[in-house]
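Before we start, here is the structure in question, set down as structure tokens.
The values are calculated or read from the model by the stated rules, or taken from the named source; none is laboratory data. Since this is a predicted model, take the numbers as computed values, not measurements. Neighbour counts are summed over all protein chains in view; Cβ atoms, including those assigned to glycine, are modelled from backbone coordinates with ideal geometry. Only protein heavy atoms, including side chains, enter the accessible area calculation; ligands, DNA and RNA are left aside. Shrake-Rupley method; radii C 1.70, N 1.55, O 1.52, S 1.80 Å.
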Amino acid sequence: MIYHKKGLPILLCVLLLQIVACGSNPIEHLNARIERLVRDKEFSEDDFKKILKEAEKLDIPAFKNAEGNIDPDKLYQYVKKYLESRSNDLTVNNLWTPSTPQKAGKFNVHAFIENSASMDGYVNGVTQFESAVYNLLADFKIADFCDSLNLYYINQTVPYKKLNALPEDIEDFIQKLEPDVFRLRGGNRSVSDLKEVVEYLLKQVNERNATVLVSDFVFSPGPKSNSSPQDYLTNQSIGMRILFSEQLKKQDLGVIVLHMESNFKGYYYRVVPPPVLFEGTRPYYIWIMGTDEQILRILAGRHGGQHQRRLFA
């Protein structure tokens, strides 16, 4: 870098010359304001906002853009060069730098299938459920945003997982699935505390991880519950509303909810026991949870940069 004989960078000198031409008082006033703000040995984003307001009030032409407004980037560069040119205790760590929004990199997709007893009928024989979920997982696997695809069954615990799944793992996980495999892979399949399941999945969401939940969303309090089915459902609903509200205070969050249908052959769990055998069409749901950027990229469904195809046609 080329320096002025007094140590000021050329860029700063040029700005100073432009400003002096319009009168020295405004820039002297701005410099004094900067000096007051850095007495605590820090220059924060809030400090810069104060300087921006000051510059707008002083109406200094050197910091204006083509539209006649104060250009925050021009102003920041001046403040940065000014602080670098003076003897001070500011370091890289306590000099605020504006961040540049960047496109999110790759992230992991964690796919959970709830394997409570009410889900058995969706994997009995060849079903639309198996085909749809298999296709969705395959799309995730080949998407350009997917760093790794991780597969899980979940109920009150996570009794089964397959990390960084290969194509044959996906096929084994869902396409070849039958009710006896669901049962063998364990966990307490008699109770469905879906609020706890969703809470667990939401806690996994960050810039590097998105989560998927596949479930019939049959809420089952279990035989030992003191709540009536209606009270249990109401409490779960309120609990989930609070859960999402609290999570949104901590991070940006997007959720895709897909209402799906499939042929079904198995036990249907009614409000009043016992369950009854049912063969026909039943609904199920796919929830995809991630940051706003992840959800946008999932909806775009870009595959390897070669072509674009929506995951949900």
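For ASP144, state whether it is part of a loop (DSSP other than H, G, I, E, B) and at pLDDT 85 or above.
Here the answer is yes, as ASP144 does meet what is asked.
In this structure, is GLU261 within 21 Å of the chain's Cα centre (by Cα) and either under 18 Å from LEU136 (Cβ atoms) or not hydrophobic (A, V, I, L, M, F, W, C) (or both)? Working first, answer last.
Details: within 21 Å of the chain's Cα centre (by Cα): no; either under 18 Å from LEU136 (Cβ atoms) or not hydrophobic (A, V, I, L, M, F, W, C) (or both): yes.
So GLU261 fails the test.
Right, here's the next one. Hey, any hits in the range 94-107 for a residue that's modelled with pLDDT of 90 or more, surrounded by 15 or more Cβ atoms within 10 Å (Cβ to Cβ) and under 33 Å from the mean Cα position of the chain (by Cα)?
Applying the first criterion (modelled with pLDDT of 90 or more) to the range 94-107 yields 106-107.
From what is left, the residues that are surrounded by 15 or more Cβ atoms within 10 Å (Cβ to Cβ) are 107.
Filter once more, keeping what is under 33 Å from the mean Cα position of the chain (by Cα): 107.
Checked the range 94-107: at least one residue is modelled with pLDDT of 90 or more, surrounded by 15 or more Cβ atoms within 10 Å (Cβ to Cβ) and under 33 Å from the mean Cα position of the chain (by Cα).
Condition (residue is in contact with a Gly (Cβ under 8 Å, 6 or more places away or on another chain), of a type in the set (Phe, Trp, Tyr), at pLDDT 75 or above and open to solvent by 30 Å² or more (accessible area, probe 1.4 Å)) applied to the range 240-248: is it met by at least one residue?
Checking the range 240-248: not a single residue is in contact with a Gly (Cβ under 8 Å, 6 or more places away or on another chain), of a type in the set (Phe, Trp, Tyr), at pLDDT 75 or above and open to solvent by 30 Å² or more (accessible area, probe 1.4 Å).
Scanning the range 216-236 for residues that are charged (D, E, K, R) and modelled with pLDDT of 70 or more, which turns out most open to solvent (accessible area, probe 1.4 Å)? Walk me through how you get there before you give the answer.
Just the residues of the range 216-236 that are charged (D, E, K, R), to begin with: 216, 224, 231.
Subsequent filtering for residues that are modelled with pLDDT of 70 or more retains 216, 231.
On the way: ASP216: 9, ASP231: 86 Å².
Going through the qualifying residues, I end up with ASP231.
Something else about it: Enumerate the helices (runs of 4 or more DSSP H) found wholly within the range 1-58, keeping only those where 1 or more residues are among the polar types (S, T, N, Q) and at pLDDT below 85.
Details: elements: 10-20, 25-37, 45-58.
Because the criterion is at least 1 residues that are among the polar types (S, T, N, Q) and at pLDDT below 85, the helices (runs of 4 or more DSSP H) in the range 1-58 that meet it are 10-20, 25-37.
Looking only at the range 143-179, count every residue that is in contact with a Ser or Thr (Cβ under 7 Å, 6 or more places away or on another chain) and in contact (Cβ under 8 Å) with a residue 40 or more places away in the chain and tell me the total.
Residues that pass the stated criteria total 1.
Would you confirm, using the coordinates I've provided, whether ALA111 is closer than 23 Å to ALA300 by Cα and in a loop (DSSP other than H, G, I, E, B)?
Working: closer than 23 Å to ALA300 by Cα: yes; in a loop (DSSP other than H, G, I, E, B): no.
Against the criterion (closer than 23 Å to ALA300 by Cα and in a loop (DSSP other than H, G, I, E, B)), ALA111 does not qualify.
State which residue pairs qualify: first residue closer than 13 Å to LEU194 by Cβ and inside the range 227-244, second residue in a helix (DSSP H, G or I) and basic (Lys, Arg) in any location, beta carbons under 9 Å apart, and separation of 6 or more residues or different chains.
Between residues of the range 227-244 that are closer than 13 Å to LEU194 by Cβ and residues that are in a helix (DSSP H, G or I) and basic (Lys, Arg), the close pairs are ASN235/LYS195; GLN236/LYS195; SER237/LYS195; GLY239/LYS195; MET240/LYS195; LEU243/LYS195.
If I ask for residues that are modelled with pLDDT of 95 or more and more than 19 Å from THR291 (Cβ to Cβ), which ones from the range 252-266 would you list?
Answer for the range 252-266, where residues must be modelled with pLDDT of 95 or more and more than 19 Å from THR291 (Cβ to Cβ): HIS259, MET260, GLU261, SER262, ASN263, PHE264, LYS265.
Would you pick out the residues in the range 117-132 that are outside any helix (DSSP H, G or I) and in contact (Cβ under 8 Å) with a residue 12 or more places away in the chain?
Listed by number, the residues that qualify are ASN124, GLY125, THR127.
Still on this structure, please answer the following. Going by the structure shown, is VAL158 under 27 Å from the mean Cα position of the chain (by Cα), aliphatic (A, V, I, L, M), surrounded by 22 or more Cβ atoms within 10 Å (Cβ to Cβ) and under 27 Å from GLU199 (Cβ atoms)?
In short, no.
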